[in-house]
Amino acid sequence: MTIALSSQTCDDLFEETLEQMRYLDPEDEADVIIPFPAELGRGLTRLIDLREEVWLAMDYHEPLAKLAFSCEEFHQPDFLRVGFHLSGIHHSPSVTVCPGEYSLAGSGASHKGVYVTTEGAVREIAFSISIEEMRSFFGQLPAGLQPLIGSPDQLSFIRGYRTTPAMQIALQQMWQCPYHGVMKQRYLETKIWELLLLSVEPLLEESSAPEKLPSKLKSEQVDCIHAARKILLQRLENPPSIAELARLVGLNDRALKEGFRACFGTTTFNYLHHYRLEQAQQMLLAGDLKIEVVMQRVGFTSRSYFAKAFRNKFGMNPGDYARRYRQIL
């Protein structure tokens, strides 16, 4: 089932929820909770205006069904938006962001088309920083970040990347911020700048790297490789072999292996391994499943191997992690 909405209808529904807005921090009137529209599901968004040109949003919602809303072209304000997907999958005309990934979106014209949020719980931490604030922070905006600045007639830059362990730690600390008032504002703003520096690293590395030979991948091959990734993520419990996966998407084994590494920077095995662990992380945080069930749902058969892999990625055993970080918005 899919709920289809126009962007105007979506805006109207969310505007109506503003009447139910409430203040979360008695020491900060710029820290508010806004409910998710009841017509679409349930959940909350916490919005914090840290200062005039720095916004933070912490979102958790469970839509009634897959949401699809059409978007007409419009000019994005001169802000950089960084959105970290902790759970849920978001499809847009230009990028698909899965759990354990984040998106970078700059200013310019929006990408016209249909935006889709999949069924199930969606958990995201996002922040917006004005381009002027970034210039002030960096002194002079590095050349590698110039693609983030688009004119009104230029499509905005938007791209997805993998969330690193350092980012995951900072995100967990933000979600569990223990402070109030001014201390909270300073703490969260410090974390935002930390995450900003980490999130733009790929762009800075790309700009400073020696020029590479043009990719040999054709657009049709790239489509096949993205289709292969989708199949992998849909079959966590029983993933196909490389040979089967290649056959399903119409490539030979070598083309799939080389193309997957070119597109995602790793092998299909490593990509699936880390995705499984990130899915397990989200299930543990939700708190309604035992470790054995979580392990099986993401495709692990050995509890000791799962515990070791989880510990290597997140720094602690699954049970300790769930007890320490389980928290609702």
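Some notes on this structure:
- Whether the chain is rounded, prolate or oblate, judged on the alpha carbon gyration tensor where a/c under 1.5 counts as rounded: rounded
- Here the spin labels are modelled as points 7 Å beyond Cα on the Cα-Cβ line, and at Arg51 and Leu197 they lie 1.7 nm apart.
- Among the GluC sites (Glu not before Pro) within the stretch 4-93, those in coil by DSSP and having at most 12 neighbouring Cβ atoms inside 10 Å are Glu39, Glu52, Glu72, Glu73.
- Within the stretch 272-292, backbone nitrogen closer than 18 Å to the virtual label 7 Å beyond the Cα of Ser304 toward Cβ: 292
- Förster radius 35 Å - calculated FRET efficiency between Met316 and Thr267, Cβ distance, rounded to 0.05: 0.85
- Here the extension length gained between Leu236 and Ala143 equals 29.5 nm, from 0.36 nm per residue of separation less the Cα-Cα distance.
- Most positive-pole-ward Cα, Leu284, Ile169, Leu13, against dipole of the chain from beta carbon charges: Leu284
- Adding -39500 (n - 2.57) for every DSSP H run of four residues or longer, then dividing by how many residues the chain holds, sets the calculated 222 nm ellipticity at -13000 deg cm²/dmol.
Any read-out appearing in this document is the output of simple, stated calculations on the displayed coordinates, not a laboratory observation. Keep in mind the model is a prediction, meaning the values are calculated, not measured. Please note: Cβ atoms are built from the backbone with ideal geometry, for glycine as well, and neighbour counts cover all protein chains shown.
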